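Contents: one structure, followed by commentary.
Derivation of every value follows stated rules applied to the coordinates shown; laboratory data play no part. Just so you know, these numbers come straight off a predicted model, no measurement behind them. So basically every Cβ, Gly included, is an ideal-geometry build from the backbone, and we count neighbours across all protein chains shown.
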Ligand code: UGA
């Protein structure tokens with residue numbers, strides 16, 4: 001079987017079947033390669049082998065089904081599936097420790113597996129977001145364990161949840177961190193159909209559209225590993241700072257009588273600023289921004305530097321989540337015994353991810369103030385045991401509105417634009433809605449009988 005550009009398919013192993021690993025593996029199979037996915041979580045491997053994707057990511061199911069039917073992907077719980085792979089991708093979790101340092105234990109154990117089982121000539125590709133210096137650290141572990149080196153490349157991922165398939169197959173850029181360009185040859189060969197936009201015809205919605213909107217070939221930046229590693233952190237930090245910036249201006253706008261959506265639109269039309277990541281709201285969350293900003297701050301601090309912009313972005317974000325509490329206090333006066341419904345729980349739409357979701361922090365704070373909190377999310381049917389007791393889930397917006405004193409739109413799921421607002425208003429004790437994402441049409445909400453409160457206007 002040959003790849004879509006006519007090139008030979010490569011034999012690739014992906015260590016780690018989390019979000020980044022699975023999306024990378026399935027997309028590499030979609031462009032013609034043979035991929036073996038390894039994870040120490042046997043249950044996850046079993047489910048994947050049965051065709052079940054363990055999280056919501058649009059388009060991934062469809063590509064997995066196709067890759068399985070073509071025999072291009074397989075799942076393994078043991079590292080003996082590693083030998084023979086030309087490329088070994090490390091896609092493991094790098095959580096922060098409570099003290100803020102990055103916990104590299106998964107990277108270290110994946111590296112041990114690679115050192116022991118990868119074939120000579122294999123190239124190790126680190127896609128896990130890890131501190132500057134990690135590629136060199138991986139190299140040293142491999143050399144020590146094997147007694148001889150393998151090339152190690154830092155290849156940061158820029159996959160946003162909800163659009164990860166599109167971001168993999170039609171990226172804005174590819175960053176390759178290596179000290180010897182020749183080492184990157186097999187990786188560039190693997191990415192060739194992506195770089196030259198020579199993608200298979202039948203791909204999930206949005207992939208070809210994004211590819212066509214970009215330049216004819218995807219820019220590939222080759223730099224030393226520390227530079228590549230820093231690019232990843234700087235990109236996430238910049239986006240988080242941009243969102244916190246617009247949220248800070250939103251607070252000022254709210255006081256001065258401006259409309260932040262108009263301000264953001266005008267700013268975005270300036271090509272030096274650009275329109276993205278200027279949506280004001282209750283702040284950023286998820287598995288990446290909060291963790292990566294703190295990690296980058298930590299890296300600066302260990303060198304005696306103070307990352308003041310990152311600290312400020314974090315502070316604005318924490319304050320932004322409190323916006324909900326402030327507005328509820330302002331409108332309901334007393335909060336004790338009130339019922340509040342959260343529309344949306346995931347940290348952003350098109351995902352079922354609750355990691356560092358504003359919803360959980362808001363629910364915990366409201367529960368502490370003796371508010372009864374319920375939540376509805378189209379993709380989340382139950383919350384983790386940690387959140388039990390602070391938040392009950394219900395099965396639809398109407399159940400959420402029943403007898404509630406306020407609704408808070410936390411996640412901008414497209415279907416929330418189709419709500420029967422008049423019906424919701426009738427079901428509530430107080431028809432009050434806080435639009436934490438400036439997502440609803442203010443006129444329509446007011447016409448339905450609601451008091452409508454939004455961010456920065
Ligand atoms: C982010 C980056 O966008 C990816 O490029 C990166 O690869 C990924 O982290 C990662 O490090 O793995 P993700 O966290 O999935 O991806 O989602 P984003 O779309 O970037 O949103 C992050 C947060 O910012 C969300 O909470 C979102 O609600 C918030 N946001 C975003 C705003 O509040 N306003 C905006 O205008 C944009």
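To the nearest ten degrees, helix 60-69 and the longest principal axis of the Cα atoms of the chain are 30 degrees apart.
Working note: 222 nm ellipticity from helices only, DSSP H runs with n ≥ 4, each -39,500 (n - 2.57), summed and divided by the residues of the chain, gives -13000 deg cm²/dmol to the nearest 500. In terms of its Cα atoms, region 151-190 spans 34, 16, 14 Å along the principal axes, sorted from long to short. Remark on the chain: Rg and Dmax equal 23.4, 73 Å (Cα only). Using the average count of surrounding beta-carbon atoms within 10 Å as a protection proxy, the listed peptides 354-363, 412-421, 334-343 rank, highest first, as 354-363, 334-343, 412-421.
Expressed as a whole percent, the proportion of Cα-Cα pairs in region 278-417 lying more than 21 Å apart is 44%. Each principal axis of the Cα cloud of region 344-430 was evaluated for its coordinate range; sorted largest first, these ranges are 33, 31, 17 Å. For region 274-333, the equivalent ellipsoid derived from the Cα gyration tensor has semi-axes of 28, 14, 10 Å, listed largest first.
Compute the long axis of helix 358-368 from its Cα atoms, compare it with the longest principal axis of the Cα atoms of the chain, and write down the angle in degrees, 0 to 90, nearest 10. With rounding to tens, the tilt is 50 degrees.
Could you sort 230-241, 254-265 so that the peptide with the highest average Cβ count within 10 Å comes first and the rest follow in order? Intermediate results must be reported in sequence, preceding the final value.
Numbers: 230-241: 19.5, 254-265: 15.2.
Put in order of decreasing packing, that is 230-241, 254-265.
Relative contact order of the chain: 12 percent, from C-alpha pairs under 8 Å at least 6 residues apart in sequence.
For the chain, the longest principal axis of the C-alpha atoms and the axis of helix 289-302 are separated by about 70°.
Highest mean first, the peptides 292-305, 378-391, 10-23, 78-91 sorted by other C-beta atoms within 10 Å per residue fall in the order 10-23, 78-91, 292-305, 378-391. Report the Cα centroid-to-centroid distance between region 398-439 and region 158-204 in angstrom, as an integer. Centre-to-centre distance over Cα atoms comes out at 41 Å.
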